[in-house]
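*Asks:* Got a structure for you, questions after.
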Amino acid sequence: MKTTHSQKSKVGLREIATAAHVSVATASRVLNGNNRVDPAIRKVVLDAAAKLDIDLSQRNKTKALAFLVSNRAVLHSFHSRILLGAEEYCAAHGWDMVFLSFNYSPQTPWKELHLPQVVQRHDVVRAVILAGTTSMNLLESFNHKGIAYVVLGNNVIGGPQDLRSDVVFSDDIQGGQDMTRYLIGLGHRDIWFIGNLRLPWFARCFEGHRRAMEEAGLVARSSSIDSEDDTNIGYLGTKSLLARGESVTAILAGNDPTAHGVYRGLRDSGLRIPDDISVAGCDDTIGTLLYPSLTTTREFPEQLGKQMVELILNRIANPGQEPQRVTIPTEFIKRDSCRPVLASREVLSDGSLQKVVTA
């Protein structure tokens, strides 16, 4: 009996790789839930583990996850709320959470990324929750190193539709579409989107705006500012479109902090909200702190965090399952910053008001 136990204790990753006729790295990727492995090879590795009578659920008893915020402020309010939701779900299921911040260049080849050591230690953390701004080179590095992860799809630069991994989305495309439809329903036709279209969360909200405008037979127009300071994006984007003499009766800001900058830009030009121009936002982070209170789209970051942990724990328990993709809906929040276009006015290039719009 002792001999049998001793033999089993020696059976590990190398023995599984040998039995499956694959490399140790490939076996590691399969057993850690990496989806960048051919399904046929994954089956061979799992079958080999089963024939060796290895209980994969007991292979690593570490019960900790890493929450990695990349290329964003550590105390960013939205990602802090995702972390709170993730921690709550972990605590309820007996798991620990390690918080990490990681800054890197999207242009760095994946082989040259110096990942935090802890995420590469399977005996310390079992998997990683990727928040912040995620570039494809980081995902490639994780895939090649066999690190299991779930990612916030809204913030992936380079096309999350191609990901072969577990992904959670907030449905900000639908949120942007709903908000634009609301403004159109108020009679607005000259609606501008303000954000930084180089960043994926702004681009997704604009995509919803574009869809709603086109289905109404209107042209989607944007004032995009290449900055990562949300308030400055709103301020400069607003001042820019007013300086160009664009006709505008409503502005959709890509998030609430950007809407704050829009408020500043309009007031600097002597315009009133919503009497002269209606303003709407996305994400409902500071909408109640603005005056007038901001009509916006509410997202649910705590729920995003809980869902991300749920997916990755399922991945750990069932490493061979297909990639999971979950979308969390948004909620339309009507407040005081929008009004029907009949009460709006046409803005001239000098910021003055010409006439009441009666169409």
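Quick note: the coordinates plus some simple rules give every number you see, no bench work behind them. Not measured: the values here are computed from a predicted model. Glycine also receives a Cβ, built like all others from the backbone with ideal geometry; neighbour counts cover every protein chain displayed.
*Asks:* Could you list which residues have their amide H under 5 Å from that of ILE194, counting only those 5 or more apart in sequence or on another chain, with H placed in the peptide plane?
*Replies:* Answer set, sorted by chain and number: SER223, LEU252, ALA253, GLY254.
*Asks:* At a Cα cut-off below 17 Å, give the aspartates and glutamates reachable from LYS306, other chains included and same-chain residues fewer than 8 away excluded.
*Replies:* GLU87, GLU88, ASP96, ASP166, ASP171
*Asks:* Between GLY265, GLY234, GLY176, where does the largest GNM mean-square fluctuation fall for the chain, given springs only between Cα atoms within less than 10 Å?
*Replies:* Among GLY265, GLY234, GLY176, the largest GNM mean-square fluctuation belongs to GLY265.
*Asks:* Report which label in (1) 19; (2) 34; (3) 15 holds the value of percent of Cα pairs over 36 Å apart derived from the coordinates of this structure.
*Replies:* Answer by label: (2).
*Asks:* Something else about it: Across segment 298-313, in residue order, what do the Karplus-derived ³J(HN,Hα) couplings come to in whole Hz, using 6.51 cos²θ - 1.76 cosθ + 1.60 with θ = phi - 60° and x for Gly and Pro?
*Replies:* Whole-Hz 3J(HN,Hα) from phi for segment 298-313: 7, 9, 10, x, 4, 5, 4, x, 4, 5, 5, 5, 4, 5, 6, 5.
*Asks:* With θ set to phi - 60° and the Karplus curve 6.51 cos²θ - 1.76 cosθ + 1.60, what are the ³J(HN,Hα) couplings of segment 92-97 in order, to the nearest whole Hz, using x for Gly and Pro?
*Replies:* Coupling constants for segment 92-97: 5, 10, x, 10, 9, 10 Hz.
*Asks:* State the extension gain, in nm to one decimal, for the chain segment bounded by GLU322 and ASP123, taking 0.36 nm per residue of separation less the distance between their alpha-carbons.
*Replies:* 69.2 nm
*Asks:* May I ask for the distance between the Cα centers of segment 198-223 and segment 60-84, given as a whole number of Å?
*Replies:* 30
*Asks:* Right, here's the next one. If packing is taken as the average number of other Cβ atoms within 10 Å across a peptide's residues, how do 190-203, 289-302, 247-260 rank, most packed first?
*Replies:* With the highest mean Cβ count within 10 Å placed first, the list reads 247-260, 190-203, 289-302.
*Asks:* Follow-up. Hey, what angle do you get for helix 200-215 against the long axis of the chain, alpha-carbon based, 0 to 90 degrees rounded to 10?
*Replies:* Rounded to the nearest ten degrees, it is 50.
*Asks:* Also, I was wondering about something else. Given the chain, what percent of its DSSP beta bridges are antiparallel, to the nearest 5?
*Replies:* Given both bridge residues lie in the chain, the antiparallel proportion sits at roughly 10 percent.
*Asks:* Can you spot the aspartates and glutamates whose alpha carbon is less than 19 Å from LYS239's alpha carbon? Ignore those fewer than 8 places along the same chain.
*Replies:* Qualifying aspartates and glutamates at Cα under 19 Å: ASP190, ASP226, GLU228, ASP229, ASP230, ASP256, ASP268, ASP275, ASP276, GLU346, ASP350.
*Asks:* Next up: Check PHE332: other-chain or 5+ apart residues with amide H under 5 Å from its amide H, H built from backbone geometry?
*Replies:* Distant-sequence amide H within range of PHE332: ARG298.
*Asks:* Please list 3J(HN,Hα) in residue order for segment 175-185, calculated via the Karplus relation 6.51 cos²θ - 1.76 cosθ + 1.60 where θ = phi - 60°; whole Hz, with x for glycine and proline.
*Replies:* After applying 6.51 cos²θ - 1.76 cosθ + 1.60, I find x, x, 5, 4, 5, 5, 4, 4, 5, 4, x Hz.
*Asks:* Ordered by packing density, taken as the mean number of other Cβ atoms within 10 Å over each peptide's residues, highest first, how do 313-320, 207-214 rank?
*Replies:* Peptide ranking by packing, descending: 207-214, 313-320.
*Asks:* Check which residues have an amide H placed less than 5 Å from SER135's amide H, if you skip close sequence neighbours.
*Replies:* ILE157
*Asks:* Taking a cut-off of 15 Å between Cα atoms, list the aspartates and glutamates near LYS51, but don't count ones fewer than 8 places away on the same chain.
*Replies:* Filter leaves GLU15.
*Asks:* Return the calculated 222 nm mean residue ellipticity for the chain, to the nearest 500 deg cm²/dmol, obtained by summing -39500 (n - 2.57) across DSSP H runs with n ≥ 4 and dividing by the residue count.
*Replies:* That comes out to -12000 deg cm²/dmol.
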